[in-house]
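Okay, structure first, notes after.
The values are calculated or read from the model by the stated rules, or taken from the named source; none is laboratory data. Because the structure is predicted, anything quoted here is derived from the model rather than measured. For neighbour counting, all protein chains shown are included, and Cβ atoms are generated from backbone atoms with ideal geometry for every residue, glycine included. Ligands, DNA and RNA are stripped out before the accessible areas are found, and what is left, the full protein with its side chains, is counted by its heavy atoms. Shrake-Rupley method; radii C 1.70, N 1.55, O 1.52, S 1.80 Å.
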Amino acid sequence: MEPGVLASPPPGPRGPVPFVKLTNQLDARSARKRAWRVLARLALTLVSGGSAVAAGGDTNRFVVLELKVTASEVSVVGATEVAGPPKPQPPGAGINFEIRSGDNAFVFSGQGPNPRVQSLCYEHLPGSGQMTNSTVTLEEGYLTLKIPSTPLATTIEFFESRRPGPSLQSLRRSLGKTVLTRP
Amino acid sequence: MHARESITAFGTKLLLAVALLLSPVCSWAQPPISTVLSNGPTGKRINIVFLSEGYTADELEQFRRDATNTANSLLTVAPFDGYRGYFNAYAIAVASVESGSDHPSTGIARNTYFKSTYESYGTAQLLTIPPNNRDSSYANGQGKVTALLNQFMPEWDVVVLVVNDTEYGGAGGQFMTVSKHASAPEIARHELGHSFAGLGDEYSTPYPGYPNSEEPNTTRETNRNAVKWKAWIDPETPVPTPAGSTTAASVGLFEGAHYNATGWYRPKNSCKMRTLGTTYCEVCQETLVKSIYSRIGTIQGQAPTSLLANLVAASSRSFQVETPAPQDRSLKVRWTFNGTQLTNTTTNLLIGAAQLAVGTNTIRVDVTDDTTMVRSDPSDYLHDSQTWKVVVAPGAQLRLLAPTLLGDGRMVFNVSGRAPSGFQIQASANFATWTNLVSSGPLDGSITLTNPLLPGSLVGFRTIATQ
């Protein structure tokens, strides 16, 4: 066993973690890079007792969305609010999403890999190092995304975006819009 | 459910949780999650989660060892080895009724927790869980993964299913699968390049219909000054770069990438994104490091937490930032006080009373990873900054007004003016021993006081600031 590798007891049930404002107060440029944290702080500022999150006094949460993705649309098949500090999402290609507020103001955006593309890179002959791949494009696939838990979020739109050439503008193809509501 | 329908997005999804709890193959004799690698709070680290597939209850200890070995395997190659402390790893152990995985062509069918199978979609090596071409039920495979993650480690960043089968195989994507074949760790590292950093394949095996979008390590650009990794190309290296012994160690523009033998280029002749058993090239390492910092910042906490402090003259104040640390060095810390860079390069700073001027003072800290593995960082992933404003008010300015002697030797009087929190008003009959009359604040107005009886005659009052 290498240094740093522990055979420690399990962490056990995960209770609420105190909301840490520290990383939400970075300088503007740093804060822009930390969109998740900004959103979390925004929620902390604006939530005032009207929602389940605020009532519990715990804004240190995010929502796990389970999505079904087809060629023409993305639909939500499950949504679970979980504890934990929201973390930033690295940019990348795949299924993009954009969250907007009731007055259509931008709230948050992110992306996840396209689950309809099922692939594996492997060696022609195991051990040879020379690679090939097997890729299947499915009619439908499932994707899990994490979005901020904030009452500001009222709609989420899914879309594909790709840049057909180095100097060409990105093409955006909508995959549907879903209304986010709270019980 | 149609996307345009209104949904209850913040409700609790019970179906999978119930299915999970009722599953006859769960073994809860030991808590299912254990720590494999611990380097900090989950909110401040990148969390790798391993799940067991095809391990019976008796084999779960072996799974934990396999998870540990896989974690070590992933984190012992550059650049991950230098950032090992940025990662946590956990193992979620769920028992299967039978060992291994399905091999449909040979009639092998195993009763396993996530119902994994080789030969998915007609490819022998493609090892997947449902929904797939053999089982269309999301709840039988990926749904179980998500339910377990929600329950035990919702802050996952990388998810790997370790399949207890020695046949060569695996799958990429959001939830990777790896088998126990000897080559599996190397495939996992390659797939991690895709899923963690969005790296593209650099090999040339055709993939008809694959989108033409460039990745950080692939391009069709042949203009040296426009190549996205130009910072790594030495002036004497020809562009495009011919493959050969003289350029084998160089970063350049090598033709053949993105499933095309011509017209697409890669940064180096050899790289893990092209050939297994080699290292990640410089450009891929740079992308991976930036991907690490896109998830966790260089400043992870600060003190004081308030960015605006009100002090009075003659006060000092300390500042502190919490930073992650690569294995072999510290991040570069630079403090600036009122626009002047300080010599302090630690994570703690004490500004003395003599330095803080009356008025607004600005303290800024910049934390940067100046690793040589990154030469271009236009998104500034490797740098964060924090600024505090410290407003210093003048010292106490108090006046004693309308003193009136009482018959018992005491005095009632009025104190008017401004004083900060912590100021004191004291009385003395001998200028040597002073008795507190007031120790509170801040004061902005007036208060009426009566001194206690002092031995001897009352001779004086004074105010002092205690901060």
request  = May I ask you to derive the relative contact order of the range B:301-393, considering only C-alpha pairs under 8 Å and at least 6 residues apart, and to give it as an integer percent?
outcome  = 36
Partners for A:Lys146 among lysines (Cα-Cα distance below 16 Å; same-chain residues under 8 apart left out) = A:Lys68, A:Lys87, B:Lys13
Length-normalised contact order of chain B in % [C-alpha pairs under 8 Å, at least 6 apart] = 10
Cα extents of the range B:301-393 along the three principal axes, largest first (Å) = 46, 25, 22
ask   = Which of the peptides B:213-222, B:227-236 is most tightly packed, and how do the rest follow, judged by the mean count of other Cβ atoms within 10 Å per residue?
value = B:213-222, B:227-236
task = Take B:Glu191, B:Glu119 and sort them by solvent-accessible surface of the protein heavy atoms, 1.4 Å probe, largest at the top.
result = B:Glu119, B:Glu191
Taking only Cα atoms of the range B:250-370, radius of gyration then Dmax in Å = 22.4, 71
message = Which residues among the range B:233-265 fall inside the zone where the amide N is under 15 Å from a point 7 Å beyond the Cα of B:Thr222, along Cα→Cβ?
response = B:238-243, B:253-257, B:261-265
inquiry  = If you take every DSSP beta bridge fully contained in chain B, what fraction is antiparallel? Give it as a percent rounded to 5.
reply    = 75
ask   = Amide H to amide H, which residues 5 or more places from B:Val374 or on other chains are under 5 Å from it, using H placed in the peptide plane?
value = none
task = Could you check how many percent of all C-alpha pairs in the range B:95-186 are farther apart than 18 Å?
result = 41
ask   = Excluding ligands and nucleic acids, what accessible area in Å² is computed for B:Tyr280 using a 1.4 Å probe, to the nearest 10?
value = 0
ask   = Looking only at other chains, what is the average number of their beta-carbon atoms within 10 angstrom of each beta-carbon in B:67-75?
value = 2
task = Could you order B:His190, B:His103 so the one with the most accessible surface comes first? Probe is 1.4 Å.
result = B:His103, B:His190
note = In whole Å, largest first, the alpha carbons of chain B cover along the principal axes 110, 65, 46
note = Whole-percent tail of the Cα-Cα distance distribution for the range B:192-335, cut at 19 Å, equals 61
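To the nearest whole number, what is the average tally of beta carbon atoms from other chains within 10 Å of the beta carbons of peptide B:208-214?
Other-chain Cβ atoms within 10 Å of each residue's Cβ, averaged: 5.
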ask   = When only C-alpha pairs under 8 Å and at least 6 residues apart count, what is the relative contact order of the range B:134-220, in percent?
value = 17
request  = Name the long-range amide H neighbours of B:Val159: under 5 Å, sequence gap of 5 or more, or other chain; modelled H, no Pro or chain starts.
outcome  = B:Val49, B:Met176
inquiry  = If you fit an axis through the alpha-carbon atoms of helix B:142-152 and take the longest principal axis of the Cα set of chain B, what angle between them do you get, 0 to 90°, nearest 10?
reply    = 30
key: Amide H partners (placed H, <5 Å) of B:Thr56, local residues excluded   = B:Ser96
note = Inverse of <1/r> over all distinct C-alpha pairs of the range B:224-275, i.e. the Kirkwood Rh in Å, gives 11.1
